Structures are given as structure tokens and as C-alpha cells.
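In what follows, a structure is listed as C-alpha cells, so that the remarks can point back to it.
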Amino acid sequence: MTTIMDPTDERVPVTRQLSPRPSQISGRVALLDISKPRGSVLLDQLEAVLAKQLPGVTLTRYAKPTFSKPAPQQLREEIHQDNDFVIEALAD
Amino acid sequence: MASAPAYQLANLAGEPVESPKGTQAIICFIKEDCPTCKEVMPVLDAFYRRFSTEMPMHVIGQTQQGNAALAEAYQPAFSILDDSALQVSFAADIETVPTLLVLDAAGEVASTLVGFVRDEWQQLALRLGSDSAAGNVDLDWESLPEWRPGCGSLSVDPANEPRLRAMAEGSPIRARRIDIGSQDDEVEFMFDQGFSDGLPLVPPTPERVLAMLSGTARDSQEVLGQMAPNMGVVTVEKVAINAVMAGCKPEYLPVVLAAVEAILTDDYNIHGVMATTMGASPVIVVNGPVRHRIGMNMGMSALGQGNRANATIGRAVRLVVRNVGGAKPGETERSTLGNPMKFTMCFAGWEERNPWSPLHVERGFDAEDSVVTVFTMSSGPTLIVDQDSRTGSQLAGTLGQGLQTVMGPKAYFATDCLLVVVPEHVDTFMRDNYSKEDIRRRIQEVSARPVRELVADERSATGIKAASAASMDDASLDKLMTKFRRDEDIHIVVAGSDAGKFSGAFHGWVTGSVGSIPTSRKIEEVS
């Protein structure tokens, strides 16, 4: 992680930039389960709906080892590399 | 564990109050934005009334506005001390407010009460009052809550803590630190944050900023001024951070600092310069020994491109205006066209090739002083080509013809200009022993026009309005008007290579107190 010194007058908090929102979903979609109870059920339903609504799209399932810790670096890199969109089932 | 801090803080009347020394004392840290601190105000008041004749009791508040509000609301017998700088709270390791410290007779912390636990405070009152016959603290203890948690002290708030820690450790770098995610590209991140002039920036890591600060002996927290439009506080550190981003070397920093000081003056008026739709820009000229020490370019291609010092010094100044001042195109920066000088425009005068007084000496400095002069120019450089004139008079004549159209052919008394005379033209002038004054005089003679020719007409609607001209008599209309209000509005420097007969002219903006006045600053001598 790189740290830089703030070159501004610090009157506004530093913001993370959101990626521009595409108007369509296409290509590869990751479905990420954070492993909270029944998240898998939600994703099963979602996967079925999306498969019907977005026939050309590839859907891949992923799961965090536990909900209480951030996703492992390797998992994040894998999702980032192999997909264009992520849908995450959060909380319960 | 909280330790006894030493301090001098101002009370609400602005009077300095010293920390207790070598005596039993009570110190309580509070902040207004804390319900428990508010609950505790009457308790502190009662403690103060009972004990302040026997020992010092200080109540230290963490914001100026909050302290005033508490005083207004509770009218306590004590005057709250101002620790809005949070340094005392930080030094005392205060994590929660309220925190009450009791110092023993040796001045060490004997008790620490965090938050409000009624029994603790009641016991304390009894202990402190046990030696005296004055009775107990005057409070209806039963009406107070049994327990209230405290709130976070502002000195451990993540917004403040890193800065306070840096100050406490004597670190020269105190700016907010920004952590860039490990998966983020640093260069993209800086673009996304809006720090850039459009070109990539060097990430200003703490190490690079510390290295940059080694280029100056000035204190990193020294305030140079406030930069419009946001009136952002410009410190040496903030300039250093932007200088790193621009690509400067540490030895360039004193020049950048002096240039920033120059543009912060009321005379220079960076606000107007940056905001104007006319697209004006600082043009920075450097004189004196610093030029060679840091390797500036005053010869071939002096005005660009290729030289790191020239390019990055100008860029650093522009980045300070953008990032600390907040001047951005589309917001307060409204230039219609803009111009490339807004990226960077900085060069050195070739004094050794200059037979006349160099710019800084003309402006009152010693030849051995290193000086930066900042002009405001709206366009340039525009070449004035003269490969034919053999006399000083004819060459100055060409320059006069070239300068006649600065800001428009009928714009007279409107502006100034910066003339960069190249070495071959210098040689032509010296054949006739032409001085700078001679050049200026001849330029004015050649470019002068009768008022009559400066009136708006069918060909061009610029100039003196027809209605005004109509009321003028022939004598007035025939009067010759010089292009420039004063000869001194023609600024002259020497730069460029030994081969080539094209001098360059920068066209000014608005001169005088309404516009921008050229400003010089001595550059710090760094051994």
C-alpha cells in the first residue's frame, strides 16, 4: 500500500472514485456469497433469474471462507481477473 | 495511563494560564459535543467553588466554539482553557472525555477518573475535602446519574491523531496522509482525485516530501499566506508536496517557494490572474547565481521544452494554485481558451550574455542576489522575426511594429509586455550601443499612433468609442498616444541561443491595481 501526502488544502475528504456505471450487464458476472446463512439460497434464486434474463452472460459462483473477515486477497484478485461485474450477497 | 502535562493555555478571556507545578491540583478535559461532559459541568462548577481556593483546578475544553457554548450555557465559576490545538490532550494521553486528573502534592497524577461514575466522583470529593473544615462539595449527588460513559477525545479522532502524533514527534510533515489501496494504480488515483493539470504526477510519498524539504532551511510549517480562491493555507510543506508531484528536485524548492510568495501578494493578485476569462498565466523569470546552481536553461530552447528545472518549477507553482488554492478550469478558473503557459512557463535570464542591467538589478536587487520575478502574461511567446535590420534603431523599429498589436491594434495604455531579446539581436543593438532605455523609447516612438487612428470604425469596432471621439477637437485627435502607458511597461530580458534572429514577446494582461503587478522575491540562499 502506498501512502502519499495530501497536496490540497484538505477542506474535503479524499473520495474513492466509483467506476462509471455501464447501462448494460454483459460478459462475465461473479456471484459472491459472503457465507452468511442462506446467502447461497438468495444467490441460487438470483442465478436462475439472471440466467433467463441475460442469456449471453456467464455466471460464476464464489464464496468467502467466512463472513466476519474481509475477502482474502487471492479471491479478490481472482474475481477481478475473471469477471466484469460482481453481485455480492451481503448480510442476512 | 495519563501523565501530567505541562502547558500554557488561554482562558476564555484570552489570558494565558500555566499548568500547575509541584502542587496538588485538579485538571479535567472535556468537549462540548459530549452529553456526559455537559452533565458534569455543574459537578465541575461545584468542585471549583469548593476546592479552587485550596488548589489549582483547570477545566480544559477541546474546541473554541464549544468552550464558549459551555460557558454560555452553564455560567461556571471557572474559565475554560482553550486546547483547540489538542496538543495538551494528546500529550496527556486523553482518550475519553470527560477525564479528570488529580495531581498529588509532588505534581504526579494520583487519580484518573474517566467518564462519569458517580461513586468515584463522590469519593474523590470526600478525599479532597477530608483535611479541611470547609465542608463537602455543594451538590445534590442523588440527582446525578449513577454512571455515564464518556465520548472520544478529539485528540484521538483519526482526523486529528496522525497530525498530532507527527507534531509530538517533531516530524516536519504534518499533512493528511492518504492511503492508496494496494490494488489501485497510484498515478490513476491522483488523476481521479483531481490533483493533476492533465499530465501525470509523481506520487508525493512521505519519503519524497521529506527529501524535498531538505532543499530548504525554512520550517516546514511556516505559512506563506492564503491562496485564493479557497484561501487555502499555504505552508512550506504544502508547496513541497506539490513540488514533488511536479517533478522538482529538492534544490529547486527555494525558487518555487519564492515564486509562490510573490503570487500571494495583493499586488500580484493571483485570484484575478487565475480566474480571468482572458486566460492569463504567471510567467516566472529567475535571476542570480541560483540559475547555474540548479541547472536552469537560459540559452537554446530556454522557453521550452527540455529543461527539468524550468519545466518543473513553473509546474509546481501552478499545482499549488490548483490544489491548495482550489483553482480549477470550469470552477473559478474561467479562461475562454486557456493557454499552454498554464502548464508551466519559467525560464532564466542569460545575464552573462546581457550587456545591460539584468532584470533583478533593474528592479532594485544586487547582482549577486538570486531573485524570482513573476509577470502575468495573457499570451506568448510570440516571435518578432527580424533577420535584416543592421542598426539598433531599425531593429527596435521592427520590435515596435510587432508590439503594436499586443492585446489588439487599438489597445493602447492597456497592458504591458515581456520582451525576450535573443543574443543575435543583442549584438545588433550593441553595434549602436543601444541601451534598454533606447530600445523602449524607440519601440514607443514606432508604435505610437494619433488618437484619431484608435477610434472604433467600420473596419474594427475596437478602440475609442465613436461617441467619445466625436466630442474631441482636432488637437486632441491628432495627439500621439504611445502603445504602453509607461516605458517601464516594456520589460526586457535576454535569453535564447547564440544563433537566430527572432526575439519573443509575451503579451500582458491588465496592469496596475485592477489587474496584476509584476512582483519579485529574493530566493533563499541555501549552502
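What does the extension gain come out to for B:Ala456 and B:Glu207, with contour length at 0.36 nm per residue minus their alpha carbon separation?
Values: separation 249, 0.36 × 249 = 89.64 nm, distance 6.01 nm.
Here the answer is 83.6 nm.
Over the whole of B:203-210, what's the average partner chain Cβ count within 10 Å per residue? Rounded to a whole number, please.
Details: counts 4, 5, 4, 3, 1, 2, 3, 1.
The shielding value for this peptide is 3.
Within region B:20-36, name every residue whose backbone N is under 18 Å away from a label modeled 7 Å from Cα of B:Ala6 along the Cβ vector.
The answer is B:20-25.
In terms of modelled amide H atoms, which long-range or inter-chain residues lie less than 5 Å from the amide H of B:Leu224?
Distant-sequence amide H within range of B:Leu224: B:Val234, B:Thr235, B:Val236.
222 nm [θ] for the protein assembly as shown, helices only, -39500 (n - 2.57) per DSSP H run of 4+, per residue, to 500? Can you show the working numbers first?
On the way: 20 runs with 188 residues, N = 619.
Calculated at 222 nm, the ellipticity per residue is -8500 deg cm²/dmol.
What nm distance separates the two modelled labels at B:Arg49 and B:Glu95, each placed 7 Å from Cα along Cα→Cβ?
A separation of 3.5 nm, rounded to one decimal place.
Can you give the FRET efficiency for B:Phe502 and B:Gln305, using 1/(1 + (r/R0)^6), R0 = 22 Å, r = Cβ-Cβ distance, to the nearest 0.05?
On the way: r = 17 Å, r/R0 = 0.78.
Once the sixth-power term is evaluated, E becomes 0.80.
If you check each cysteine of chain B for another cysteine whose beta-carbon is under 4.7 Å away, which ones come up empty?
Unpaired cysteines in chain B: B:Cys28, B:Cys248, B:Cys346, B:Cys417.
Based on the Cβ-Cβ distance of B:Lys522 and A:Met1, what FRET efficiency does E = 1/(1 + (r/R0)^6) give at R0 = 30 Å, to the nearest 0.05? Let's see the in-between values first.
Numbers: r = 41 Å, r/R0 = 1.38.
It comes to 0.15.
Could you work out how far the C-alpha centroid of region B:135-208 sits from that of region A:13-63, in angstrom?
Each part reduced to its Cα centre gives a spacing of 35 Å.
Once the other residues with Cβ under 14 Å from the Cβ of B:Leu383 are scored (Lys, Arg +1; Asp, Glu -1), what is the net sum? If you can, show how the numbers build up before the last one.
Working: positive: B:Lys501; negative: B:Asp386, B:Glu424.
Charge balance in the 14 Å sphere: -1.
Between B:Val223 and B:Asn339, what length in nm is gained on full extension when 0.36 nm per residue of separation is reduced by their alpha carbon distance?
Details: separation 116, 0.36 × 116 = 41.76 nm, distance 3.00 nm.
Once the chain is fully extended between B:Val223 and B:Asn339, it gains 38.8 nm.
What spacing in nm lies between the two simple spin-label points modelled at B:Asp473 and B:Arg485, each 7 Å away from Cα in the Cβ direction?
2.7 nm
Hey, how much of the P(r) for chain B falls beyond 30 Å, as a percent of Cα pairs?
Values: 84587 of 138601 pairs.
In whole percent, the share of Cα-Cα pairs in chain B beyond 30 Å is 61.
Set the Förster distance to 30 Å, then compute FRET efficiency between A:Ile87 and B:Asp184 from the Cβ-Cβ distance, nearest 0.05. Don't skip to the end; give the middle numbers.
Values: r = 22 Å, r/R0 = 0.74.
Using R0 = 30 Å, I get an efficiency of 0.85.
Apply the a/c threshold of 1.5 to the C-alpha gyration tensor of region A:19-92 and tell me whether it is rounded, prolate or oblate. Each step should come with its number before you reach the end.
Numbers: a/c = 2.06, a/b = 1.28, b/c = 1.61.
Verdict is oblate for region A:19-92.
Decide, for region B:277-418, between rounded, prolate and oblate: order the square roots of the alpha carbon gyration tensor eigenvalues as a ≥ b ≥ c, take rounded if a/c falls under 1.5, and otherwise choose prolate if a/b is larger than b/c, else oblate. Walk me through the intermediate numbers first.
On the way: a/c = 1.90, a/b = 1.12, b/c = 1.69.
Because a/c hits 1.5 or more and a/b fails to exceed b/c, region B:277-418 counts as oblate.
Around B:Glu146, with a cut-off of 13 angstrom between Cβ atoms, what is the net charge of the other residues, counting Lys and Arg +1 and Asp and Glu -1? Don't jump to the answer; show the numbers that get you there.
On the way: positive: B:Arg118, B:Arg148; negative: B:Glu39, B:Asp119, B:Glu120, B:Glu142.
It works out to a net charge of -2.
Beyond a 22 Å Cα-Cα separation, which of these cross-linked pairs lie in this structure: B:Lys328/B:Lys483; B:Lys238/B:Lys522; B:Lys342/B:Lys465; B:Lys342/B:Lys483; B:Lys436/B:Lys479; B:Lys328/B:Lys410?
Values: B:Lys328/B:Lys483 33 Å; B:Lys238/B:Lys522 20 Å; B:Lys342/B:Lys465 33 Å; B:Lys342/B:Lys483 26 Å; B:Lys436/B:Lys479 26 Å; B:Lys328/B:Lys410 32 Å.
Those over the limit are B:Lys328/B:Lys483; B:Lys342/B:Lys465; B:Lys342/B:Lys483; B:Lys436/B:Lys479; B:Lys328/B:Lys410.
Looking at the square roots a ≥ b ≥ c of the eigenvalues of the Cα gyration tensor of region B:204-286, which shape do they give, rounded for a/c under 1.5, prolate if a/b is larger than b/c, or oblate?
Values: a/c = 1.99, a/b = 1.77, b/c = 1.13.
Prolate, since a/c reaches 1.5 and a/b exceeds b/c.
So, counting K/R as plus one and D/E as minus one, what does the shell of residues with Cβ under 14 Å around B:Thr312 add up to? Display every interim value, and only then the final one.
Values: positive: B:Arg208, B:Lys249, B:Arg308, B:Arg315, B:Arg318; negative: B:Asp197, B:Glu251.
After counting each charged neighbour, the total is +3.
How far apart, in nm, are two points set 7 Å out from the Cα along the Cα-to-Cβ line at B:Leu126 and at B:Glu352?
8.8 nm
Based on alpha-carbon centroids, what's the gap between region B:275-331 and region B:389-406 in Å, whole number please?
Between the Cα centres of region B:275-331 and region B:389-406 lies a distance of 28 Å.
Which order do the peptides B:237-248, B:183-194, B:421-432 take when ranked by the mean count of other beta-carbon atoms within 10 Å per residue, highest first? Display every interim value, and only then the final one.
Values: B:237-248: 28.2, B:183-194: 15.4, B:421-432: 19.1.
Peptide ranking by packing, descending: B:237-248, B:421-432, B:183-194.
Values quoted throughout were computed directly from the atomic coordinates according to the rules given, and no laboratory measurement underlies them. The structure displayed is predicted, hence computed values, not measured ones. Cβ atoms come from the backbone with ideal geometry, glycine included; neighbour counts cover every protein chain shown.
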